[in-house]
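Comments concern the structure below.
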Amino acid sequence: MRILLTGAGGQLGRALQAAATSHEVVALPHWRLDITDAAAVRRALASHAPDVVINAAAYNLVDQAETDQEAAYRVNCRGPRHLAVATAERGIPIVHLSSDYVFAGDAGRPYTEDDAPLPLSRYGITKLIGEELVRNANPRHFVVRTAWLFHAEGRNFPLRILELATRGAVRVVNDQTGSPTYAPHLAEALLRLIGDAGFGTHHLAGRGAASWFDLTRTLFREMKVAAEVVPVTTAELPRPARRPAYSALTTIREPRILLPPWEDGVAAFAREVSR
């Protein structure tokens, strides 16, 4: 299978390239394909003739999206629509990545694919609009919601908190809960999804739920980091964008395609960054 991968320079893009050894991957980072350019998208599909497109490109700066709304809209809404329209014209599927931040976080339990979204932030709004535009443009779609993505490379919470730990104690929010997801685990699940699942909306995230505090303590234990982890509330560490209090994800669509527990992802991450 020939896969055209957008956003190939990001965490998930790198993990997909490493995982898709039995496929031909056309890996296009932003500098090679700007998905907000409809003509460029059509040219790329015509040139590479893929069997499927995986859109891993996204504007993920949650706080900056509150003020840089136009940039977030271009990448998270307009770009996915261009890809969905172009893939529909060629009769091929599209895999589009979305986020747990499309939910309000007030259900008090993990969200399934049937739960109604209600985003709290501009970022979450653009991710929800992007989902809807993809669904409307191409019936052969996989809209995949994931959460709290991390990898041994790139920009993510575990790498940042490890850096902060070199300076002493770290203060970490303990009243936001989600599903930490190791990018290589997600990449492997996406490849299984394409080959073995029906079109529609799917939740793929690290199994189980954890707060940022839980994630940090587990990470430090795995990596034998001695820094103290101090639990704090969201109110004590205010950010421009509102976050859902409980946005863990679960699936009722494809129980055959489950990611490992989030703790396994942290352990794999720790081994990778310790090499």
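The values are calculated or read from the model by the stated rules, or taken from the named source; none is laboratory data. Computed from a prediction, not measured in an experiment: that's the story for all the values here. Note that we place each Cβ from the backbone using ideal geometry, even for glycine, and neighbour counts take in every protein chain shown. Side chains are part of the model used for accessible areas, which takes the heavy atoms of the whole protein and leaves out ligands, DNA and RNA. Shrake-Rupley method; radii C 1.70, N 1.55, O 1.52, S 1.80 Å.
Data overview
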item: Scan of region 171-195 for residues that are open to solvent by less than 10 Å² (accessible area, probe 1.4 Å), hydrophobic (A, V, I, L, M, F, W, C), at pLDDT 95 or above and out of contact with any His (no Cβ under 6 Å at 6 or more places or on another chain), ordered by number; result: VAL172, LEU186, ALA187, ALA189, LEU190
item: First in region 169-189 and in contact (Cβ under 8 Å) with a residue 40 or more places away in the chain, second anywhere and assigned to a loop (DSSP other than H, G, I, E, B) and polar (S, T, N, Q), Cβ under 6 Å, 6 or more apart; result: ASP175/THR233; GLY178/SER247
item: Unmet requirement for TRP212, which otherwise passes all of (1) farther than 22 Å from GLY124 by Cβ; (2) open to solvent by 30 Å² or more (accessible area, probe 1.4 Å); (3) in contact (Cβ under 8 Å) with a residue 12 or more places away in the chain; result: (1)
item: Qualifying residue in region 217-230 (condition: of a type outside the set (Val, Ile, Thr), open to solvent by less than 40 Å² (accessible area, probe 1.4 Å) and out of contact with any Phe, Trp or Tyr (no Cβ under 7 Å at 6 or more places or on another chain)); result: yes
item: Positions within region 114-134 being open to solvent by 20 Å² or more (accessible area, probe 1.4 Å) and touching a residue at least 24 places away in the same chain (Cβ under 8 Å), in sequence order; result: ASP114, LEU120, ARG122, LEU128, ILE129, LEU133
item: The one condition in (1) within 21 Å of ASN136 (Cα to Cα); (2) of a type in the set (Phe, Trp, Tyr); (3) modelled with pLDDT under 95 that TYR73 fails to fulfil; result: (3)
item: Residues being part of a helix (DSSP H, G or I) and closer than 25 Å to GLY195 by Cβ - total across region 80-117; result: 10
item: Residue count for region 232-256, restricted to those that are buried (at least 20 other Cβ atoms within 10 Å of the Cβ) and polar (S, T, N, Q); result: 2
item: Filter result (more than 24 Å from ALA268 (Cα to Cα) and part of a loop (DSSP other than H, G, I, E, B)) within region 223-246; result: THR233, LEU237, PRO238, ARG239, PRO240, ALA241, ARG242, ARG243, PRO244, ALA245
item: Residue match in region 30-41 (condition: open to solvent by less than 20 Å² (accessible area, probe 1.4 Å), in a loop (DSSP other than H, G, I, E, B) and of a type in the set (A, V, I, L, M, F, W, C)); result: yes
item: Hits in region 15-29 - residues which are surrounded by fewer than 23 Cβ atoms within 10 Å (Cβ to Cβ) and assigned to a helix (DSSP H, G or I); result: GLN17, ALA18, ALA19
item: Residue among ARG160, ARG207 that alone is under 21 Å from GLY108 (Cα atoms) and open to solvent by 30 Å² or more (accessible area, probe 1.4 Å); result: ARG207
item: Residue check, ILE194 within 30 Å of SER22 (Cα to Cα) and out of contact with any helix residue (DSSP H, G or I) (no Cβ under 8 Å at 6 or more places or on another chain); result: yes
item: Residues of region 264-275 satisfying the condition of being crowded, with 20+ Cβ neighbours inside 10 Å and either in contact with a Ser or Thr (Cβ under 6 Å, 6 or more places away or on another chain) or in contact (Cβ under 8 Å) with a residue 60 or more places away in the chain (or both); result: GLY265, VAL266, PHE269
item: Cβ-Cβ under 9 Å pairs, at least 6 apart or on other chains, region 1-23 side among the basic types (Lys, Arg), far side part of a helix (DSSP H, G or I) and open to solvent by less than 20 Å² (accessible area, probe 1.4 Å); result: ARG14/ALA183; ARG14/ALA187
item: Where ALA107 falls short, out of the listed (1) touching a residue at least 12 places away in the same chain (Cβ under 8 Å); (2) in contact with a helix residue (DSSP H, G or I) (Cβ under 9 Å, 6 or more places away or on another chain); result: (2)
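Residue-wise test of (1) over 30 Å from LEU237 (Cβ atoms); (2) of a type outside the set (Val, Ile, Thr).
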| position | (1), (2) |
| --- | --- |
| ALA40 | yes, yes |
| ALA44 | yes, yes |
| VAL52 | yes, no |
| LEU61 | no, yes |
| GLU70 | no, yes |
| PRO80 | yes, yes |
